Every structure is written in C-alpha cells, then in structure tokens.
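Report on the following structure.
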Amino acid sequence: MSTPARKRLMRDFKRLQQDPPAGISGAPQDNNIMLWNAVIFGPDDTPWDGGTFKLTLQFMEDYPNKPPTVRFVSRMFHPNIYADGSICLDILQNQWSPIYDVAAILTSIQSLLCDPNPNSPANSEAARMFSENKREYNRRVREIVEQSWTAD
Amino acid sequence: MQNHEESGASCEFEDWGNFGDEDIMNQQSEIRAEEAQKVPFVADKFQKRCGAVPEPLSALASEYQSGSPILLEKIKMLGEQYAAIRRTRGDGNCFFRSFMFSYLEYILESQDRAEVDRVKANVEECRKTLQSLGYADFTFEDFFALIVVTIIFSKFVIDLSLASELAFLGSYSLGSWKAFFKEMNPPLGVEISQYLTMVSEFINLNASFCIHILSPDTFGWSVVMFFRFVASGEIRKRSEFFEPFVLGLTNATVEQFCKSSVEPMGEESDHVHITALSDALSVPIRVVYLDRSSCDTAGVSVNHHDFIPSGNLPKAASGSTEVISPFITLLYRPGHYDILYPK
C-alpha cells in the first residue's frame with residue numbers, strides 16, 4: 001500500500017542512490033520500505049577510521065512528521081550512544097524536522113562519532129574517558145573499530 | 001565515585017543509563033503532550049468540545065478572577081474592542097495554527113478572490129526561496145502542494161458561494177467531486193476523501209471547514225510544518241536583517257536558530273517567526289499583548305503590535321496614506337497565542 005510516508009521514503013532512497021554522501025550507505029530491506037539497514041564508515045584520519053558500523057532505521061507512518069528510530073547494531077563505545085545502540089542526538093528527538101532525509105540523518109550520526117557532546121552522556125564511562133583520558137578513549141574506540149569487521 | 005572498581009562503577013553507570021537524557025526528554029514531552037491535549041487543536045466556536053469554546057471575553061476574565069488586577073483591567077479594555085476568543089492548543093505550534101485558522105477564515109469571510117491569487121503567488125515565491133537556499137525539493141514539496149491545493153480549494157468554495165450556489169454544493173455527486181479533485185491534481189498523500197469530508201464540513205459552516213483542515217487526522221501537522229518552512233526560508237534569505245533580532249533571543253547564529261527554533265515541530269514562536277511569516281506571505285498580523293506590564297503613568301493600556309509586511313500589499317496601491325488593517329488578530333499571553341475576534 002502506498003502512503004505518504006512510503007512515497008517520501010522512496011524519494012529518500014532515490015536521493016541516497018543518486019547522490020550518496022561520502023562514507024555512508026543505506027537501503028530499505030527487500031520487502032519492507034519502512035525498515036532500513038545502513039552502514040556508516042568511520043571518518044578518515046580519526047580513531048574511527050576504518051570502522052564499518054551497522055545501523056537500522058525503523059520508520060513509522062507518521063514519517064516525515066516524526067523521526068525514525070535509529071539504532072546501532074554494531075557494538076559502539078561513544079558518549080552519546082546507549083548500550084542498546086540507541087543514539088542520543090537532538091535531531092532524532094526534539095529537534096527533528098522533515099527537512100532531514102535519510103542521507104542527512106546518517107551524515108549527522110557520522111559527524112557525531114568524532115564530535116560527541118559530553119554534556120548529554122548516554123554512556124557515562126565513554127563520556128568521562130573522552131574528557132579525562134583521551135588516550136584510553138581512543139584505544140577503546142580502536143577496539144570497537146576492529147570488532148566492527150568481525151561482527152555478523 | 002571515581003575510585004570505584006570497574007564492576008561496581010559500571011553497575012552504577014547502568015542505573016544512570018536507565019535514566020538517560022532520552023527518558024528525561026520523553027517524560028518532558030509526555031507531560032507537555034498531556035497538558036496540551038486538554039485543549040483541542042483549535043477550539044470550535046460553535047460547539048462545546050473539551051470545554052473549550054470561543055468564549056466571550058468574560059470567560060477570560062473569570063480565569064484571572066483572583067489574579068492580577070492589571071490583567072483584569074486589561075481584559076475589560078479588550079472587551080471594548082473584541083467580541084470573542086478562540087483558544088488553540090498550547091503545544092508549541094499555537095502561533096502557526098492560529099495563523100492558518102484565522103487566515104482561512106479571513107479568506108472565506110471576505111470572499112476576496114484577489115487575495116487568494118496573491119497568497120498563491122507568495123507561496124510560489126517561498127518555494128523558490130527554499131530551493132535557492134539549497135533545501136532538497138522532496139523534503140518540502142508535499143507540504144507546499146498541500147497548501148496550494150487548500151488555497152485553490154478555498155477559491156473554489158468562494159466562487160460557489162459568490163454564485164449563491166452553496167446549496168448546490170450539497171447536491172454535487174460524489175463522482176463529480178472526484179473528477180474535480182483529479183483535475184486539481186492533489187499532492188501526494190492527500191486522499192480525495194479528505195477533501196470530500198472538507199466539502200461536507202464546509203456546507204455546515206466555514207469554521208468547521210477550517211477546523212477540519214487543522215485536525216491532526218487531516219493534515220494539521222503538515223500545515224504547521226509548511227509555515228515553519230516558510231518562516232525559516234524567509235529568515236535565512238534575509239539573514240542580515242534578522243540577525244540582530246535572533247541575537248536578542250539567543251546567542252545562536254541565524255542558521256542555528258532556524259534549525260533549532262523554527263524548523264522543529266513544537267518549538268515556540270517569537271516575534272522573529274511572526275515577522276518572517278508575515279513578510280513572506282504578505283499578511284498583516286496584529287498581536288495584542290496581555291501581560292502584567294503597565295506601560296505609562298496615564299494608567300493601564302493594552303499594548304499591541306502590528307506586523308505589517310514590507311512587501312506588496314493589495315491595498316497599498318490605492319493610496320499610500322491608507323492605514324493597513326491586519327487580517328488576523330492574535331492574543332498573546334506569555335508563552336501562548338489564541339485568536340481574537342474584533343467586534
């Protein structure tokens with residue numbers, strides 16, 4: 001069945017295919033345009049470099065009036081990412097606007113990787129380490145990057 | 001706390017994790033939604049619904065019975081000029097919703113076909129603004145298409161009522177309506193049946209028609225979003241003009257302000273939003289302020305501010321000295337806008 005949300009998601013997909021931002025890929029699952037798989041590559045020249053992090057995006061029929069639920073499937077170590085993979089990012093919560101499409105969401109998450117907001121920690125250990133012990137923090141990030149290659 | 005063993009610390013952090021930002025934000029938005037739902041999106045003037053009707057101004061007075069005497073005095077003064085107030089839901093979108101409702105009522109009551117054409121042209125301009133600012137078409141085109149159809153539809157309704165064919169509306173068959181809307185090429189996501197309902201609502205009363213457009217089951221959210229896009233586009237387009245005003249509200253840049261305070265749903269409106277919307281669509285708006293300020297020694301008076309767009313106004317041509325009267329009057333109480341009806 002075709003609904004406004006589905007029609008909009010088709011256009012999101014088209015844009016992502018025609019004009020993909022660097023280091024990002026995403027596509028709806030074969031039989032369900034409301035559920036997407038995505039991969040974010042860790043930005044070059046950062047501790048995240050080389051990581052391939054998998055996410056899912058679950059859309060509801062109220063998209064784009066409401067944001068999708070975005071979760072990392074890959075294990076993460078980041079001040080703004082919860083243990084269950086959900087992400088603390090303003091545009092996915094109270095700062096959402098239909099102006100963001102899937103490409104913009106994934107780009108924002110990608111830049112969140114290197115530019116965490118330690119003031120709203122979802123993982124306090126990572127947040128503390130990020131501000132107090134950058135060296136150890138970077139080591140933990142490298143671990144996560146390596147894990148991202150072997151995970152299913 | 002920092003000396004805890006790894007296991008103990010992580011356990012404690014687990015608990016903290018359970019009360020993350022997300023939960024706090026969710027709780028906050030739940031409380032807000034619950035409070036907001038006590039008032040309908042736009043209160044029906046003619047039916048009692050959720051206890052919120054357009055009440056005569058005396059209803060407003062009773063709200064402040066035990067409150068500030070300045071406010072009571074001001075409400076009394078308002079009563080000399082205004083007949084009624086229509087409440088809107090306080091969910092952060094009240095300005096945009098009040099605007100749409102009031103503006104539709106204005107169009108339908110004035111039966112001003114030229115105004116419909118004018119606003120249509122302005123909407124087209126806003127679309128070009130967003131395109132030139134680099135917004136991706138598909139993120140806003142549905143919202144624009146919806147408004148254009150609503151505007152065309154209003155004109156059609158005016159035509160029919162001008163021709164005193166209102167009764168004829170009711171006898172129009174379902175098939176003819178479908179053909180009509182097909183011709184109008186409704187935007188994606190707008191079901192013809194929604195328009196059919198609007199038509200039947202209109203047959204009853206203009207107000208019901210407006211309420212229907214703003215109901216969340218129809219496209220109330222999209223309407224609000226449309227105005228947010230328009231306001232944001234206008235602010236960005238004239239960022240030099242708006243910058244000092246934005247700086248007066250927050251220390252964000254114009255760009256940040258648009259992203260955080262204009263485009264997201266539920267962000268409250270301020271004079272910057274009103275100026276932008278009024279300018280972009282060339283619709284003059286009066287805002288009457290009901291607060292505790294008492295301006296001068298001469299005693300209490302009710303302040304108002306007229307947002308008169310700088311652009312081309314329909315009546316400006318006929319005489320430059322002519323005072324432009326606002327199409328829309330809103331009552332502002334700190335944090336909230338409702339609609340006022342002049343006598």
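The values are calculated or read from the model by the stated rules, or taken from the named source; none is laboratory data. Being a predicted model, the structure only gives us computed values, none of them experimental. We place every Cβ from the backbone using ideal geometry, glycine too, and count neighbours over all the protein chains shown. SASA here: full protein model, heavy atoms, side chains in, ligands and nucleic acids out. Shrake-Rupley method; radii C 1.70, N 1.55, O 1.52, S 1.80 Å.
General observations
- Out of B:Ala9, B:Ala83, sole residue that is modelled with pLDDT of 70 or more, surrounded by fewer than 18 Cβ atoms within 10 Å (Cβ to Cβ) and among the hydrophobic types (A, V, I, L, M, F, W, C): B:Ala83
- Conditions (1) of a type outside the set (A, V, I, L, M, F, W, C); (2) in a loop (DSSP other than H, G, I, E, B); (3) more than 21 Å from A:Ala22 (Cβ to Cβ); number of the one not met by A:His78: (3)
- Check on A:Ser74, more than 10 Å from the chain's Cα centre (by Cα), small (Gly, Ala, Ser), more than 7 Å from every other protein chain (Cβ to nearest Cβ) and open to solvent by 10 Å² or more (accessible area, probe 1.4 Å): yes
- Residues satisfying the stated conditions in the range A:83-141, i.e. more than 9 Å from every other protein chain (Cβ to nearest Cβ) and within 23 Å of B:Phe226 (Cβ to Cβ): A:Leu92, A:Val102, A:Ile105
- Scan of the range A:81-110 for residues that are outside any loop (DSSP other than H, G, I, E, B) and touching a residue at least 60 places away in the same chain (Cβ under 8 Å), ordered by number: A:Val102, A:Ala103, A:Leu106, A:Thr107, A:Ile109, A:Gln110
Residue-wise test of (1) part of a helix (DSSP H, G or I); (2) modelled with pLDDT of 90 or more; (3) open to solvent by less than 10 Å² (accessible area, probe 1.4 Å).
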site	(1), (2), (3)
B:Ser58	yes, no, no
B:Gln65	no, no, no
B:Gly92	no, no, yes
B:Arg97	yes, no, yes
B:Ala121	yes, yes, no
B:Glu125	yes, yes, no
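- When the range B:276-308 is limited to residues that are modelled with pLDDT of 90 or more and in a loop (DSSP other than H, G, I, E, B), the one that is farthest from B:Thr329 (Cα to Cα) turns out to be B:Ser282.
- Of all residues in the range B:309-334, those satisfying the criterion of being open to solvent by less than 30 Å² (accessible area, probe 1.4 Å) and modelled with pLDDT under 85 are B:Leu313, B:Gly319.
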